[in-house]
Amino acid sequence: VPQESAKSTPTTEVRFDGRLSRLELVFLHTARAGAAPLRTYLEKCYGAALRTEYNSQPPQHWFEPGEIKYWVDWISRMIPDSGRAFAVNFLLQPHDVNYTVHPIRFVSLVRQPIARIAGEFLAFQREVEVRGNVDAATRWLAGDIVHFADAMMRNDYLVRFFANVDVCDPIDDAHLNRARGALARLDIVGCHEHRQQFAQRVSSLDVFAGEEFSAARGTFVAEMSREFRAPGDELAAQLDATVRQQLEQRNLRDLSLYRWISDELIHG
Amino acid sequence: MAETSSVLISCHIGKTGGTSFRAMLTPAHGERLVFIARMPNAQPIRRELFPLLRRTYWYARSIDSHDLRYVPPDDFWPAARFSVILRDPIERFLSGYFFQRYHTGQALGPMDEDRREAWLAGNFPPLEVYLEEDAEYQTRFVARASFFQPARKEDLADALRELENYDYVGITECIEKLPAAMAADFPELSKAAMPTENVTPNRGGRLWRDRVAPKLLEKVRARHAYDLRLYEAAINLNRQRGHPVP
């Protein structure tokens, strides 16, 4: 249902030109990063001009050349009064979009890798509990976080996301470097553990400069400034030392990437 | 869920009646019907990721997606049964084109119909442009070929071979008979009614081919030679299997 947007565009401005010339913000939504308040903020600011594209599980990180570009073109053709902002759960890059009237601002939020896996594990456990009627294999998955991370291919997720590597393909240090390169090109990278700082940086972006966004900006920053400890953070903090070590061993590259994000992009 | 319980993997080609098929499954399977959505024309879900389908959707009785293709069930879910629906290629192509055109027009919001039509005429790609990217779609789909490269002769050979792997090949022109044909594996579908969903508005209910200039129609037909062969093969396959044909 189209929502009223603070950034609505009169129909007379609608043009079909095979691209999304009005696109100005892209949010790259990594899984279980605690980005719900940002989604709400974007919905308030953009209304129907926010286009979300969340590929269902199993995750897809690798794309055939032209695949994302086709999607961009498809949106501009099918939904001409849309596409000022995107929220997507894959790596959309400037070269996928062609020309735009204003520079596109790319934003992403990440979470400490072990806490992220813990969050995914708890979500799976909840689903198993709600749906019930599970077989032995599923019960085993829901009972062991290390087995869950292996069998559900959740290890080194951040590197795969930002280096375009599918969860079933091997990765090496070259992919870690590629992921760093992709992250360094984004305008804002925040982390779940410093939500307030992330919200302040996002809300000070030029695309949200208008007075009409002041209420939404205030709510967003206030929401992200609240003391918040997600259940996944709690579980990660309580993990048995052996289990934690096993998970860390499986996520060495993600942990390295996360340290680099924290040192270079957040506190650097 | 027991390993022996059948799960239906519906490999959904756009504009073949697959949404109606899914709507038919909804009352029968309820929350055990899973719809996997990805961006349009996404590459198929990789074979190596199929075990994740089993682990993520352990509860499923049916899974519907534009992004699924046949994979040997023993690789991931021994009781999986695969279905695909094919449609007269000319009708599918034209329906797809007018579907996109209609929805683009609707996305412009409330306006005078003449103005809407004028906007579409000036901005929406003409049928010939759409033909360049959508021709032979069903062949490329079944063959797991790229949607960003033109179909090749090898793709038709792959599609003809792959088609035989599908347990159920629906034909849009007699899609209402498909649920009963699946009743051996899915008894709950034996009396399921097929609703009509997501249909391209078509005033007068005529065939799409009767609404297009003969010269243009000939172009469309010429660009669907592989799809026409695949469609014919689907009908022959169903005849051999005793499954519904138009």
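Averaged over the residues of A:61-70, the number of partner chain Cβ atoms lying within 10 Å of the residue Cβ comes to 4. Each residue in B:Thr200, A:Thr242, B:Thr56 was given a count of other beta-carbon atoms within 10 angstrom of its own, and listing them fewest first yields A:Thr242, B:Thr200, B:Thr56.
Cα gyration tensor of the stretch A:27-71, axes a ≥ b ≥ c as square roots of the eigenvalues: rounded (a/c below 1.5), prolate (a/b > b/c) or oblate? Oblate, since a/c reaches 1.5 and b/c is not below a/b.
Close amide H partners of A:Val110, meaning residues 5 or more places away or on another chain with modelled amide H under 5 Å apart, are A:Gly190, A:Cys191, A:His192.
Each 10 Å bin from zero up to the one holding the largest Cα-Cα distance in the stretch A:38-190 carries the following percent of pairs: 9, 32, 33, 20, 5, 0.
Rounded to the nearest Hz, the phi-derived 3J(HN,Hα) couplings of the stretch A:159-167 under the Karplus curve 6.51 cos²θ - 1.76 cosθ + 1.60 (θ = phi - 60°) are 4, 5, 4, 8, 10, 6, 10, 5, 5, where x marks glycine and proline. Candidates A:Ala85, A:Val243, A:His29 compared by Cα position along the dipole of chain A: farthest toward the positive end lies A:Ala85, with charges placed on Cβ.
In this structure, the amide hydrogen of B:Phe35, modeled 1.01 Å from its nitrogen in the peptide plane, lies closer than 5 angstrom to those of B:Asp64, counting only residues at least 5 positions away or on a different chain.
Please order A:Leu109, B:Leu86 by the number of other Cβ within 10 Å, starting at the fewest.
Going from sparsest to densest Cβ surroundings: A:Leu109, B:Leu86.
Net charge dipole, the stretch B:151-219: roughly 640 debye, given to the nearest 20, about the Cα centre with Cβ charges of +1 for Lys and Arg and -1 for Asp and Glu.
Rounded to the nearest 5, the antiparallel percentage of DSSP beta bridges internal to chain A is 0%. Decide, for the protein assembly as shown, between rounded, prolate and oblate: order the square roots of the alpha carbon gyration tensor eigenvalues as a ≥ b ≥ c, take rounded if a/c falls under 1.5, and otherwise choose prolate if a/b is larger than b/c, else oblate. It is oblate, given that a/c is not under 1.5 and a/b is not larger than b/c. When each of A:Val243, A:Val88 is scored by the number of other beta-carbon atoms lying within 10 Å, the sequence from fewest to most is A:Val243, A:Val88. Packing around the peptides A:248-260, A:149-161, taken as the average count of other Cβ atoms within 10 Å per residue, puts them in this order, highest first: A:149-161, A:248-260.
Working note: Karplus 6.51/-1.76/1.60 with θ = phi - 60° gives the stretch B:84-93 the couplings 8, 10, 10, 10, 2, x, 5, 5, 4, 4 Hz, where Gly and Pro are set to x.
Using the Kirkwood radius over Cα pairs, work out the Stokes-Einstein diffusion coefficient for the stretch B:60-149 at 10 °C and 1.306 mPa s, in µm²/s as a whole number. Value of D from the Cα-based Kirkwood radius: 99 µm²/s. For the stretch B:113-121, backbone phi angles converted through the Karplus equation (6.51, -1.76, 1.60; θ = phi - 60°) give residue-by-residue couplings of 5, 5, 5, 4, 5, 5, 4, 4, 4 Hz, Gly and Pro being listed as x. In terms of its alpha-carbon gyration tensor, the stretch A:172-268 comes out oblate; a/c meets the 1.5 threshold, while b/c is at least as large as a/b.
Once backbone amide H atoms are built at 1.01 Å from N, A:Gln57 has no partners under 5 Å, excluding neighbours fewer than 5 places away on the same chain.
DSSP loop (so not H, G, I, E, B), at most 14 other Cβ within 10 Å: list which chymotrypsin sites (Phe, Trp or Tyr not before Pro) in the stretch A:40-79 pass both filters.
Passing both the DSSP loop test and the Cβ count: A:Tyr54.
Each value in this text was obtained by applying a stated rule to the coordinates, not by laboratory testing. Given the structure is predicted, the values throughout are model-derived calculations rather than measurements. For neighbour counting, all protein chains shown are included, and Cβ atoms are generated from backbone atoms with ideal geometry for every residue, glycine included.
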